[in-house]
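Report on the structure given below.
The values are calculated or read from the model by the stated rules, or taken from the named source; none is laboratory data. As the structure is a computational prediction, the values presented were derived from the model and not from experiment. Positions of Cβ are backbone-derived with ideal geometry, glycine not excepted, and every protein chain shown enters the neighbour counts. The area values use the complete protein model at the heavy-atom level, side chains included, leaving out ligands, DNA and RNA. Shrake-Rupley method; radii C 1.70, N 1.55, O 1.52, S 1.80 Å.
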Amino acid sequence: MTTAQGSGQRALPPHPSFLWRNPDPRNSYDVVIVGGGGHGLATAYYLAKVHGITNVAVLERGWLAGGNMARNTTIIRSNYLWDESAAIYEKSLKLWEGLEDELGYDIFFSQRGVLNLAHTLQDQRDSVRRVEANRLNGVDAEYISPEQVKEVCPIINISQDIRYPVMGATYQPRAGIAKHDWVAWGYARRASELGVDLIQNCEVTGFDMDGDRVVGVRTTRGNIKAGRVALAAAGHTSTLTELAGFRVPIQSHPLQALVSELHEMIHPTVVMSNHVHVYVSQAHKGELVMGAGVDSYNGYGQRGSFHVIEHQMSAAVELFPAFSRAHLLRTWGGIVDVTLDASPIMGLTPVDGMYVDCGWGTGGFKAVPGAGFAFAHTIANNEPHELNRPYSLERFVTGELIDEHGAAAVAH
Amino acid sequence: MLMIECPHCGVRPEGEFTYGGQAHVPYPEDPQALTDEEWAQYLFYRDNPKGTFRERWVHSAGCRKWFNAIRDTRTYDITSTYLGAAPAEANSTQGAQ
(Lines give C-alpha, C1' and ligand atoms only; values in the text may rest on other atoms or scores of the structure.)
Protein backbone atom coordinates (compact mmCIF):
# COMPACT_ATOMS: atom_id res chain seq x y z
CA MET A 1 0.00 0.00 0.00
CA THR A 2 1.30 3.43 -0.85
CA THR A 3 0.41 6.39 1.28
CA ALA A 4 0.78 10.09 0.95
CA GLN A 5 3.05 10.11 3.96
CA GLY A 6 6.53 11.20 3.06
CA SER A 7 5.54 12.40 -0.37
CA GLY A 8 6.21 15.95 0.77
CA GLN A 9 5.16 19.14 -0.93
CA ARG A 10 5.09 18.83 -4.70
CA ALA A 11 5.34 21.61 -7.23
CA LEU A 12 2.17 23.18 -8.56
CA PRO A 13 1.50 22.76 -12.27
CA PRO A 14 1.51 25.77 -14.60
CA HIS A 15 -1.34 28.23 -14.13
CA PRO A 16 -4.43 26.88 -15.88
CA SER A 17 -4.91 30.00 -18.01
CA PHE A 18 -1.94 28.93 -20.04
CA LEU A 19 -2.68 25.23 -20.33
CA TRP A 20 -5.13 25.54 -23.19
CA ARG A 21 -6.21 27.98 -25.86
CA ASN A 22 -9.34 30.04 -25.22
CA PRO A 23 -10.72 30.41 -28.75
CA ASP A 24 -13.98 32.02 -29.82
CA PRO A 25 -16.40 29.43 -31.15
CA ARG A 26 -16.22 28.72 -34.87
CA ASN A 27 -19.50 28.41 -36.76
CA SER A 28 -19.22 24.67 -37.37
CA TYR A 29 -17.75 21.55 -35.77
CA ASP A 30 -17.86 17.83 -36.53
CA VAL A 31 -18.67 17.16 -32.86
CA VAL A 32 -19.97 19.53 -30.20
CA ILE A 33 -19.72 18.27 -26.62
CA VAL A 34 -21.99 20.06 -24.16
CA GLY A 35 -20.39 20.15 -20.74
CA GLY A 36 -16.77 20.99 -19.94
CA GLY A 37 -16.37 18.80 -16.88
CA GLY A 38 -14.33 15.66 -16.47
CA HIS A 39 -16.52 13.54 -18.73
CA GLY A 40 -16.75 16.14 -21.50
CA LEU A 41 -13.03 16.86 -21.47
CA ALA A 42 -12.04 13.19 -21.39
CA THR A 43 -14.47 12.46 -24.22
CA ALA A 44 -12.93 15.25 -26.30
CA TYR A 45 -9.43 13.95 -25.61
CA TYR A 46 -10.22 10.36 -26.61
CA LEU A 47 -12.14 11.54 -29.70
CA ALA A 48 -9.01 13.33 -30.84
CA LYS A 49 -6.44 10.82 -29.62
CA VAL A 50 -8.08 7.49 -30.38
CA HIS A 51 -10.44 8.34 -33.23
CA GLY A 52 -8.60 11.20 -34.94
CA ILE A 53 -11.63 13.49 -34.70
CA THR A 54 -10.19 16.86 -33.83
CA ASN A 55 -12.74 19.32 -35.22
CA VAL A 56 -14.43 19.29 -31.85
CA ALA A 57 -15.75 21.93 -29.47
CA VAL A 58 -16.44 21.50 -25.78
CA LEU A 59 -19.02 24.07 -24.63
CA GLU A 60 -19.02 24.94 -20.95
CA ARG A 61 -21.75 27.07 -19.39
CA GLY A 62 -19.48 28.33 -16.61
CA TRP A 63 -15.78 27.81 -16.24
CA LEU A 64 -13.95 24.64 -17.18
CA ALA A 65 -14.43 21.83 -14.67
CA GLY A 66 -16.33 24.13 -12.30
CA GLY A 67 -19.33 21.88 -11.74
CA ASN A 68 -19.20 18.45 -10.15
CA MET A 69 -15.59 18.07 -11.28
CA ALA A 70 -14.70 20.78 -8.75
CA ARG A 71 -17.04 19.47 -6.06
CA ASN A 72 -16.50 15.73 -5.73
CA THR A 73 -14.47 13.84 -3.15
CA THR A 74 -12.09 12.35 -5.78
CA ILE A 75 -12.54 8.70 -4.80
CA ILE A 76 -11.48 6.19 -7.46
CA ARG A 77 -12.37 2.49 -7.21
CA SER A 78 -13.85 -0.30 -9.31
CA ASN A 79 -15.35 -2.65 -6.71
CA TYR A 80 -18.89 -2.69 -8.10
CA LEU A 81 -21.14 -5.74 -7.95
CA TRP A 82 -22.39 -6.47 -11.45
CA ASP A 83 -20.37 -7.58 -14.48
CA GLU A 84 -21.42 -4.54 -16.52
CA SER A 85 -20.28 -2.17 -13.79
CA ALA A 86 -17.03 -3.98 -13.04
CA ALA A 87 -16.18 -3.85 -16.76
CA ILE A 88 -16.48 -0.09 -17.19
CA TYR A 89 -15.17 0.94 -13.77
CA GLU A 90 -12.22 -1.45 -13.99
CA LYS A 91 -11.42 -0.16 -17.49
CA SER A 92 -11.50 3.30 -15.97
CA LEU A 93 -9.21 2.28 -13.12
CA LYS A 94 -6.71 0.79 -15.58
CA LEU A 95 -6.76 4.06 -17.51
CA TRP A 96 -6.21 5.97 -14.24
CA GLU A 97 -3.15 3.80 -13.60
CA GLY A 98 -1.54 5.06 -16.81
CA LEU A 99 -3.04 8.52 -16.89
CA GLU A 100 -0.10 10.60 -15.68
CA ASP A 101 2.03 9.16 -18.49
CA GLU A 102 -0.81 9.38 -21.00
CA LEU A 103 -1.43 13.06 -20.31
CA GLY A 104 2.15 13.99 -19.46
CA TYR A 105 0.75 15.71 -16.42
CA ASP A 106 0.89 15.13 -12.69
CA ILE A 107 -2.54 14.34 -11.26
CA PHE A 108 -1.45 13.06 -7.83
CA PHE A 109 -3.06 9.69 -8.48
CA SER A 110 -2.52 7.83 -5.23
CA GLN A 111 -3.53 4.17 -4.93
CA ARG A 112 -4.00 4.19 -1.19
CA GLY A 113 -6.85 1.68 -1.19
CA VAL A 114 -10.48 1.93 -0.16
CA LEU A 115 -12.28 0.32 2.75
CA ASN A 116 -16.05 -0.11 2.46
CA LEU A 117 -17.19 -0.78 6.00
CA ALA A 118 -19.82 -3.30 7.06
CA HIS A 119 -21.85 -2.41 10.14
CA THR A 120 -24.66 -4.97 10.07
CA LEU A 121 -25.05 -8.64 9.34
CA GLN A 122 -26.66 -7.77 6.02
CA ASP A 123 -23.75 -5.42 5.23
CA GLN A 124 -21.37 -8.34 5.88
CA ARG A 125 -23.26 -10.68 3.60
CA ASP A 126 -23.52 -8.09 0.83
CA SER A 127 -19.84 -7.23 1.21
CA VAL A 128 -18.65 -10.83 0.96
CA ARG A 129 -20.87 -11.35 -2.07
CA ARG A 130 -19.45 -8.23 -3.71
CA VAL A 131 -15.86 -9.29 -2.98
CA GLU A 132 -16.46 -12.67 -4.61
CA ALA A 133 -18.09 -11.01 -7.61
CA ASN A 134 -15.17 -8.58 -7.87
CA ARG A 135 -12.65 -11.43 -7.89
CA LEU A 136 -14.53 -13.23 -10.66
CA ASN A 137 -14.27 -10.02 -12.67
CA GLY A 138 -10.56 -9.54 -12.03
CA VAL A 139 -11.06 -6.66 -9.62
CA ASP A 140 -8.74 -6.77 -6.62
CA ALA A 141 -10.84 -7.22 -3.48
CA GLU A 142 -10.77 -8.91 -0.13
CA TYR A 143 -13.03 -9.07 2.89
CA ILE A 144 -11.17 -8.18 6.07
CA SER A 145 -11.83 -8.25 9.81
CA PRO A 146 -12.15 -5.21 12.10
CA GLU A 147 -8.59 -5.86 13.34
CA GLN A 148 -7.31 -5.80 9.76
CA VAL A 149 -9.30 -2.61 9.16
CA LYS A 150 -7.43 -1.12 12.11
CA GLU A 151 -4.10 -2.17 10.59
CA VAL A 152 -4.92 -0.46 7.30
CA CYS A 153 -6.35 2.63 8.99
CA PRO A 154 -5.06 3.04 12.56
CA ILE A 155 -7.21 6.06 13.43
CA ILE A 156 -10.50 4.20 12.97
CA ASN A 157 -12.55 3.22 16.01
CA ILE A 158 -13.30 -0.51 15.97
CA SER A 159 -14.76 -0.55 19.47
CA GLN A 160 -17.92 -2.59 19.84
CA ASP A 161 -19.25 0.17 22.06
CA ILE A 162 -20.52 2.49 19.34
CA ARG A 163 -23.91 2.76 17.65
CA TYR A 164 -22.81 0.94 14.49
CA PRO A 165 -19.61 -1.00 15.25
CA VAL A 166 -17.28 -1.93 12.40
CA MET A 167 -17.97 -5.62 11.71
CA GLY A 168 -15.60 -5.92 8.76
CA ALA A 169 -14.88 -4.26 5.44
CA THR A 170 -14.20 -4.85 1.81
CA TYR A 171 -10.74 -3.68 0.80
CA GLN A 172 -9.63 -2.73 -2.69
CA PRO A 173 -5.91 -1.89 -2.50
CA ARG A 174 -5.75 -0.43 -6.05
CA ALA A 175 -8.39 2.17 -5.30
CA GLY A 176 -7.40 5.69 -4.36
CA ILE A 177 -7.74 9.38 -5.01
CA ALA A 178 -6.45 11.97 -7.48
CA LYS A 179 -6.30 15.74 -7.62
CA HIS A 180 -9.54 16.52 -9.42
CA ASP A 181 -8.64 19.93 -10.85
CA TRP A 182 -5.40 18.63 -12.29
CA VAL A 183 -7.18 15.70 -13.92
CA ALA A 184 -9.43 18.18 -15.73
CA TRP A 185 -6.52 20.44 -16.62
CA GLY A 186 -4.46 17.52 -17.86
CA TYR A 187 -7.23 16.37 -20.20
CA ALA A 188 -7.98 19.96 -21.26
CA ARG A 189 -4.37 20.70 -22.10
CA ARG A 190 -3.89 17.60 -24.23
CA ALA A 191 -7.28 17.98 -25.94
CA SER A 192 -6.49 21.59 -26.77
CA GLU A 193 -3.08 20.62 -28.16
CA LEU A 194 -4.80 18.07 -30.40
CA GLY A 195 -7.06 20.77 -31.84
CA VAL A 196 -10.16 20.67 -29.63
CA ASP A 197 -11.70 24.10 -28.93
CA LEU A 198 -12.58 24.54 -25.26
CA ILE A 199 -15.18 27.29 -25.04
CA GLN A 200 -16.14 28.62 -21.63
CA ASN A 201 -19.02 30.89 -20.58
CA CYS A 202 -21.03 29.40 -23.42
CA GLU A 203 -24.47 28.14 -22.41
CA VAL A 204 -26.53 26.02 -24.76
CA THR A 205 -30.01 27.53 -25.17
CA GLY A 206 -31.45 25.28 -27.87
CA PHE A 207 -30.82 22.81 -30.66
CA ASP A 208 -31.37 23.14 -34.41
CA MET A 209 -33.02 20.12 -35.93
CA ASP A 210 -33.46 18.81 -39.45
CA GLY A 211 -36.28 16.32 -39.07
CA ASP A 212 -35.17 13.85 -36.42
CA ARG A 213 -31.55 14.89 -36.72
CA VAL A 214 -29.69 17.50 -34.71
CA VAL A 215 -27.67 19.83 -36.94
CA GLY A 216 -26.61 22.56 -34.58
CA VAL A 217 -26.65 24.12 -31.15
CA ARG A 218 -27.79 27.60 -30.16
CA THR A 219 -25.66 29.19 -27.49
CA THR A 220 -25.17 32.43 -25.63
CA ARG A 221 -22.15 32.91 -27.89
CA GLY A 222 -23.97 32.35 -31.17
CA ASN A 223 -25.28 29.46 -33.23
CA ILE A 224 -22.91 26.61 -34.02
CA LYS A 225 -23.46 23.95 -36.67
CA ALA A 226 -22.70 20.47 -35.42
CA GLY A 227 -22.36 17.12 -37.16
CA ARG A 228 -22.91 15.35 -33.88
CA VAL A 229 -23.84 16.58 -30.42
CA ALA A 230 -22.79 14.83 -27.22
CA LEU A 231 -24.35 15.74 -23.88
CA ALA A 232 -22.12 15.41 -20.82
CA ALA A 233 -23.88 17.78 -18.45
CA ALA A 234 -24.51 15.61 -15.35
CA GLY A 235 -27.19 17.20 -13.18
CA HIS A 236 -28.30 19.57 -15.93
CA THR A 237 -28.88 16.87 -18.55
CA SER A 238 -32.67 17.02 -18.16
CA THR A 239 -32.73 20.71 -19.01
CA LEU A 240 -30.84 19.97 -22.24
CA THR A 241 -32.85 16.93 -23.32
CA GLU A 242 -36.06 18.91 -22.76
CA LEU A 243 -34.72 21.41 -25.31
CA ALA A 244 -34.03 18.51 -27.67
CA GLY A 245 -37.49 17.05 -27.23
CA PHE A 246 -36.92 13.90 -25.20
CA ARG A 247 -36.67 12.90 -21.57
CA VAL A 248 -34.11 10.97 -19.54
CA PRO A 249 -35.04 9.06 -16.38
CA ILE A 250 -32.88 11.04 -13.99
CA GLN A 251 -33.61 13.19 -10.99
CA SER A 252 -31.20 15.95 -9.99
CA HIS A 253 -30.28 16.15 -6.31
CA PRO A 254 -27.86 18.22 -4.26
CA LEU A 255 -24.91 16.24 -2.93
CA GLN A 256 -22.76 17.87 -0.29
CA ALA A 257 -19.14 17.52 0.73
CA LEU A 258 -16.83 19.35 3.07
CA VAL A 259 -13.21 19.74 4.10
CA SER A 260 -11.41 20.42 7.35
CA GLU A 261 -8.47 22.74 7.69
CA LEU A 262 -5.04 21.25 6.91
CA HIS A 263 -3.69 18.56 9.18
CA GLU A 264 -0.66 16.35 9.33
CA MET A 265 -1.13 13.10 7.46
CA ILE A 266 -3.18 10.90 9.76
CA HIS A 267 -5.50 9.08 7.38
CA PRO A 268 -3.63 6.73 5.04
CA THR A 269 -6.49 5.32 2.97
CA VAL A 270 -10.07 5.98 1.89
CA VAL A 271 -12.90 4.87 4.17
CA MET A 272 -16.50 4.64 3.00
CA SER A 273 -19.52 3.57 4.96
CA ASN A 274 -22.88 3.13 3.31
CA HIS A 275 -24.67 2.38 6.48
CA VAL A 276 -23.77 5.52 8.40
CA HIS A 277 -23.37 7.66 5.27
CA VAL A 278 -19.91 9.05 5.36
CA TYR A 279 -16.81 8.68 3.24
CA VAL A 280 -13.51 10.27 4.03
CA SER A 281 -9.98 10.57 2.79
CA GLN A 282 -7.16 13.03 3.35
CA ALA A 283 -6.05 15.19 0.48
CA HIS A 284 -2.38 15.63 -0.33
CA LYS A 285 -2.34 19.10 1.20
CA GLY A 286 -3.79 17.68 4.42
CA GLU A 287 -7.50 18.50 4.40
CA LEU A 288 -9.85 15.79 5.55
CA VAL A 289 -12.29 15.44 2.67
CA MET A 290 -15.72 14.08 3.55
CA GLY A 291 -18.87 13.44 1.63
CA ALA A 292 -22.45 12.89 2.68
CA GLY A 293 -25.56 11.35 1.23
CA VAL A 294 -27.71 13.22 -1.23
CA ASP A 295 -30.41 15.58 -0.08
CA SER A 296 -33.70 13.79 -0.62
CA TYR A 297 -35.38 16.53 -2.63
CA ASN A 298 -34.78 17.49 -6.25
CA GLY A 299 -32.61 20.55 -6.51
CA TYR A 300 -30.34 22.57 -8.75
CA GLY A 301 -29.13 25.00 -6.11
CA GLN A 302 -25.62 23.54 -5.59
CA ARG A 303 -26.29 23.55 -1.87
CA GLY A 304 -28.12 21.23 0.46
CA SER A 305 -29.62 21.11 3.92
CA PHE A 306 -27.51 21.35 7.03
CA HIS A 307 -29.00 18.34 8.77
CA VAL A 308 -27.44 16.12 6.08
CA ILE A 309 -24.00 17.43 7.03
CA GLU A 310 -24.80 17.07 10.72
CA HIS A 311 -25.72 13.41 10.15
CA GLN A 312 -22.52 12.82 8.19
CA MET A 313 -20.33 14.50 10.81
CA SER A 314 -21.84 12.54 13.68
CA ALA A 315 -20.98 9.33 11.83
CA ALA A 316 -17.48 10.58 11.06
CA VAL A 317 -16.73 11.56 14.63
CA GLU A 318 -17.90 8.21 15.97
CA LEU A 319 -15.78 6.28 13.47
CA PHE A 320 -12.80 8.64 13.82
CA PRO A 321 -12.80 10.12 17.33
CA ALA A 322 -9.73 12.22 16.45
CA PHE A 323 -11.87 14.22 14.02
CA SER A 324 -13.76 15.78 16.92
CA ARG A 325 -10.82 18.17 17.28
CA ALA A 326 -10.81 19.17 13.63
CA HIS A 327 -12.44 22.33 12.34
CA LEU A 328 -14.73 22.55 9.38
CA LEU A 329 -13.24 24.78 6.73
CA ARG A 330 -15.72 24.68 3.85
CA THR A 331 -18.87 22.92 2.72
CA TRP A 332 -20.38 22.93 -0.74
CA GLY A 333 -22.85 21.09 -2.93
CA GLY A 334 -22.96 19.76 -6.45
CA ILE A 335 -25.92 18.62 -8.52
CA VAL A 336 -25.90 14.90 -9.19
CA ASP A 337 -28.01 13.09 -11.77
CA VAL A 338 -29.51 10.06 -10.11
CA THR A 339 -31.11 7.12 -11.93
CA LEU A 340 -33.42 4.60 -10.32
CA ASP A 341 -30.96 1.71 -10.73
CA ALA A 342 -27.97 3.76 -9.57
CA SER A 343 -26.23 3.10 -12.89
CA PRO A 344 -25.33 5.57 -15.62
CA ILE A 345 -26.95 6.17 -18.99
CA MET A 346 -24.61 6.32 -21.95
CA GLY A 347 -25.42 5.86 -25.60
CA LEU A 348 -27.63 6.91 -28.47
CA THR A 349 -30.81 8.96 -28.01
CA PRO A 350 -34.12 9.34 -29.85
CA VAL A 351 -32.49 12.25 -31.74
CA ASP A 352 -30.21 11.23 -34.61
CA GLY A 353 -26.68 12.48 -34.10
CA MET A 354 -27.21 13.18 -30.41
CA TYR A 355 -25.58 11.12 -27.67
CA VAL A 356 -25.97 11.25 -23.93
CA ASP A 357 -23.65 10.46 -21.04
CA CYS A 358 -25.41 11.06 -17.71
CA GLY A 359 -26.85 9.39 -14.66
CA TRP A 360 -23.49 8.81 -12.95
CA GLY A 361 -25.13 10.13 -9.83
CA THR A 362 -22.79 10.36 -6.90
CA GLY A 363 -19.89 8.47 -8.50
CA GLY A 364 -18.94 10.10 -11.79
CA PHE A 365 -15.40 11.21 -10.96
CA LYS A 366 -13.89 7.73 -10.85
CA ALA A 367 -15.44 7.02 -14.23
CA VAL A 368 -13.91 10.02 -16.02
CA PRO A 369 -11.31 8.10 -18.08
CA GLY A 370 -13.46 5.04 -18.77
CA ALA A 371 -16.59 7.00 -19.59
CA GLY A 372 -14.67 9.39 -21.83
CA PHE A 373 -13.06 6.45 -23.61
CA ALA A 374 -16.37 4.65 -24.22
CA PHE A 375 -18.38 7.78 -25.01
CA ALA A 376 -15.82 8.87 -27.61
CA HIS A 377 -16.20 5.47 -29.27
CA THR A 378 -19.99 5.82 -29.19
CA ILE A 379 -19.87 9.24 -30.85
CA ALA A 380 -17.24 8.30 -33.43
CA ASN A 381 -18.99 5.10 -34.53
CA ASN A 382 -22.62 6.07 -33.93
CA GLU A 383 -22.96 2.96 -31.83
CA PRO A 384 -22.07 2.08 -28.27
CA HIS A 385 -18.79 0.56 -27.18
CA GLU A 386 -19.15 -2.87 -25.57
CA LEU A 387 -18.46 -1.17 -22.23
CA ASN A 388 -21.52 1.08 -22.43
CA ARG A 389 -23.89 -1.05 -24.52
CA PRO A 390 -25.69 -2.22 -21.33
CA TYR A 391 -26.14 1.41 -20.25
CA SER A 392 -28.56 2.40 -22.99
CA LEU A 393 -31.77 4.34 -22.43
CA GLU A 394 -33.61 1.24 -23.70
CA ARG A 395 -32.85 -0.66 -20.52
CA PHE A 396 -35.65 1.20 -18.77
CA VAL A 397 -38.08 -0.26 -21.33
CA THR A 398 -36.62 -3.78 -21.54
CA GLY A 399 -36.18 -4.01 -17.77
CA GLU A 400 -32.50 -4.98 -18.03
CA LEU A 401 -31.59 -2.72 -15.14
CA ILE A 402 -28.16 -2.75 -13.50
CA ASP A 403 -28.96 -2.37 -9.83
CA GLU A 404 -25.88 -0.93 -8.17
CA HIS A 405 -27.51 0.56 -5.10
CA GLY A 406 -25.28 -1.61 -2.93
CA ALA A 407 -21.96 -0.64 -4.45
CA ALA A 408 -22.81 2.91 -5.46
CA ALA A 409 -22.06 3.65 -1.82
CA VAL A 410 -23.84 6.94 -1.38
CA ALA A 411 -27.53 7.00 -0.61
CA HIS A 412 -29.23 6.96 -3.95
CA MET B 1 -32.80 22.79 6.61
CA LEU B 2 -36.02 23.66 4.85
CA MET B 3 -38.98 24.88 6.88
CA ILE B 4 -42.07 23.18 5.52
CA GLU B 5 -45.67 24.03 6.29
CA CYS B 6 -47.62 20.85 6.89
CA PRO B 7 -51.27 21.60 6.02
CA HIS B 8 -52.28 19.84 9.24
CA CYS B 9 -49.55 20.74 11.73
CA GLY B 10 -48.10 24.05 10.57
CA VAL B 11 -44.51 25.01 9.90
CA ARG B 12 -42.03 22.31 10.89
CA PRO B 13 -38.35 21.60 10.12
CA GLU B 14 -37.48 19.40 7.14
CA GLY B 15 -36.11 16.66 9.38
CA GLU B 16 -39.69 15.71 10.31
CA PHE B 17 -40.61 15.07 6.68
CA THR B 18 -39.86 12.48 4.01
CA TYR B 19 -39.72 13.38 0.36
CA GLY B 20 -42.00 11.71 -2.17
CA GLY B 21 -40.92 13.08 -5.55
CA GLN B 22 -43.15 14.47 -8.28
CA ALA B 23 -46.80 15.00 -7.35
CA HIS B 24 -49.85 14.19 -9.44
CA VAL B 25 -48.52 11.06 -11.14
CA PRO B 26 -51.61 8.82 -11.24
CA TYR B 27 -51.42 5.06 -11.34
CA PRO B 28 -52.41 3.98 -14.88
CA GLU B 29 -56.15 3.29 -15.17
CA ASP B 30 -55.51 0.08 -17.09
CA PRO B 31 -51.89 -1.03 -16.57
CA GLN B 32 -52.40 -4.14 -18.71
CA ALA B 33 -53.13 -1.95 -21.70
CA LEU B 34 -49.82 -0.07 -21.56
CA THR B 35 -46.99 -0.71 -23.97
CA ASP B 36 -43.54 -1.42 -22.50
CA GLU B 37 -42.58 2.13 -23.39
CA GLU B 38 -45.60 3.58 -21.59
CA TRP B 39 -44.97 1.38 -18.55
CA ALA B 40 -41.33 2.54 -18.49
CA GLN B 41 -42.55 6.12 -18.57
CA TYR B 42 -44.79 5.48 -15.59
CA LEU B 43 -42.18 3.56 -13.61
CA PHE B 44 -38.96 5.43 -14.29
CA TYR B 45 -39.59 8.81 -15.87
CA ARG B 46 -40.41 11.85 -13.79
CA ASP B 47 -40.18 15.55 -14.48
CA ASN B 48 -36.90 17.06 -13.36
CA PRO B 49 -37.42 20.80 -13.87
CA LYS B 50 -35.03 23.56 -12.97
CA GLY B 51 -37.70 25.85 -11.58
CA THR B 52 -41.17 25.34 -10.13
CA PHE B 53 -41.90 21.76 -9.11
CA ARG B 54 -45.01 20.20 -7.60
CA GLU B 55 -43.90 17.47 -5.28
CA ARG B 56 -45.06 15.20 -2.48
CA TRP B 57 -43.95 15.20 1.13
CA VAL B 58 -45.12 13.14 4.08
CA HIS B 59 -44.98 14.46 7.63
CA SER B 60 -43.45 11.20 8.81
CA ALA B 61 -42.47 12.40 12.30
CA GLY B 62 -45.72 14.30 12.78
CA CYS B 63 -49.23 13.57 11.55
CA ARG B 64 -47.91 11.01 9.01
CA LYS B 65 -50.13 12.40 6.27
CA TRP B 66 -49.14 13.08 2.69
CA PHE B 67 -49.51 16.49 1.08
CA ASN B 68 -48.18 18.42 -1.90
CA ALA B 69 -45.84 21.37 -2.12
CA ILE B 70 -44.89 23.84 -4.82
CA ARG B 71 -41.15 24.44 -4.55
CA ASP B 72 -38.56 26.13 -6.73
CA THR B 73 -35.71 23.68 -7.36
CA ARG B 74 -33.23 26.55 -7.89
CA THR B 75 -33.90 28.49 -4.69
CA TYR B 76 -35.63 25.70 -2.73
CA ASP B 77 -38.31 28.26 -1.73
CA ILE B 78 -41.66 26.64 -1.02
CA THR B 79 -44.43 28.94 -2.20
CA SER B 80 -47.35 26.83 -0.98
CA THR B 81 -48.41 23.47 0.34
CA TYR B 82 -51.82 21.94 -0.31
CA LEU B 83 -53.91 18.80 -0.12
CA GLY B 84 -55.46 16.92 -3.01
CA ALA B 85 -55.53 18.11 -6.59
CA ALA B 86 -53.21 20.73 -7.97
CA PRO B 87 -54.35 24.35 -7.78
CA ALA B 88 -55.52 25.95 -11.02
CA GLU B 89 -52.15 27.29 -12.13
CA ALA B 90 -51.05 24.16 -13.94
CA ASN B 91 -47.81 22.24 -13.58
CA SER B 92 -46.43 23.60 -16.84
CA THR B 93 -43.03 24.89 -15.94
CA GLN B 94 -40.99 21.88 -17.00
CA GLY B 95 -37.60 23.04 -18.15
CA ALA B 96 -38.24 26.59 -17.03
CA GLN B 97 -35.00 28.46 -16.69
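Per residue of peptide A:334-340, the mean number of Cβ atoms on other chains within 10 Å of the residue Cβ is 1.
Using a 1.4 Å probe on the protein heavy atoms, what percent of the accessible area of region A:306-345 belongs to carbon and sulfur? Spell out each step's value before the answer.
On the way: 1110 of 1830 Å².
Roughly 61 percent, rounded to a whole number.
Using alpha-carbon pairs under 8 Å, 6+ residues apart, how would you state the relative contact order of chain B in percent? Answer for chain B is 29 percent.
Mean per-residue shielding of peptide B:65-72 is 1, counting Cβ atoms of other chains within 10 Å of each Cβ. Residues whose amide H comes within less than 5 Å of that of A:A230, counting only those at least five positions distant or on another chain, are A:V32, A:I33, A:V34, A:Y355 (H built at 1.01 Å from N in the peptide plane). Accessible surface calculations at 1.4 Å, restricted to protein heavy atoms, place chain B at 54 Å² per residue.
Quick one: which of A:323-330, A:396-403 comes out on top by average Cβ neighbours within 10 Å, and what's the full order, highest first?
Numbers: A:323-330: 12.5, A:396-403: 15.0.
Ranked by mean Cβ neighbours within 10 Å, highest first: A:396-403, A:323-330.
Ranking A:G37, A:G67, A:I53 by Cα position along the charge dipole of region A:1-131, where only Lys, Arg, Asp and Glu carry charges on their C-beta atoms, puts A:G67 farthest toward the positive end. Applying 1/(1 + (r/R0)^6) with r as the Cβ-Cβ distance of A:A322 and A:E132 and R0 = 30 angstrom yields a FRET efficiency of 0.35. The mean number of Cβ atoms from other chains found within 10 Å of a Cβ in peptide A:301-309 is 3, as a whole number.
Peptide packing: for A:37-46, A:245-254, B:5-14, the average count of neighbouring Cβ atoms within 10 Å per residue gives the ranking A:37-46, A:245-254, B:5-14, highest mean first. Think of a 1.4 Å ball rolled over the protein heavy atoms: region A:145-218 then has 40 Å² of accessible area per residue.
Is region A:106-152 rounded, prolate or oblate when judged by the Cα gyration tensor, a ≥ b ≥ c being the square roots of its eigenvalues, rounded requiring a/c under 1.5 and prolate requiring a/b larger than b/c? Taking the square roots of the gyration eigenvalues as a ≥ b ≥ c, region A:106-152 is oblate.
Taking a probe of 1.4 Å and counting only protein heavy atoms, give the total accessible area buried between chains A and B in Å², rounded to the nearest 100. It would help to have the intermediate numbers written out before the result.
Working: alone 16630 and 6460 Å², together 20690 Å².
Looking at A and B, the buried total is near 2400 Å².
Calculate the length of the line joining the C-alpha centroid of region A:348-412 to that of region A:292-342, in whole Å. Each part reduced to its Cα centre gives a spacing of 25 Å. Using heavy atoms of the protein chains and a probe of 1.4 Å, the accessible area assigned to A:I88 is about 0 Å².
Going by the alpha-carbon gyration tensor, a ≥ b ≥ c the square roots of its eigenvalues, is region A:357-412 rounded (a/c under 1.5) or, if a/c is not under 1.5, prolate (a/b greater than b/c) versus oblate? Display every interim value, and only then the final one.
Working: a/c = 2.66, a/b = 1.27, b/c = 2.09.
Because a/c hits 1.5 or more and a/b fails to exceed b/c, region A:357-412 counts as oblate.
Amide H contacts of A:G359: A:D337, A:I345, each under 5 Å away and 5 or more positions distant or on a separate chain (H built 1.01 Å from N in the peptide plane; Pro and chain starts excluded). Summary of the geometry: region A:241-273 and region A:25-85, compared by the centres of their Cα atoms, lie 17 Å apart.
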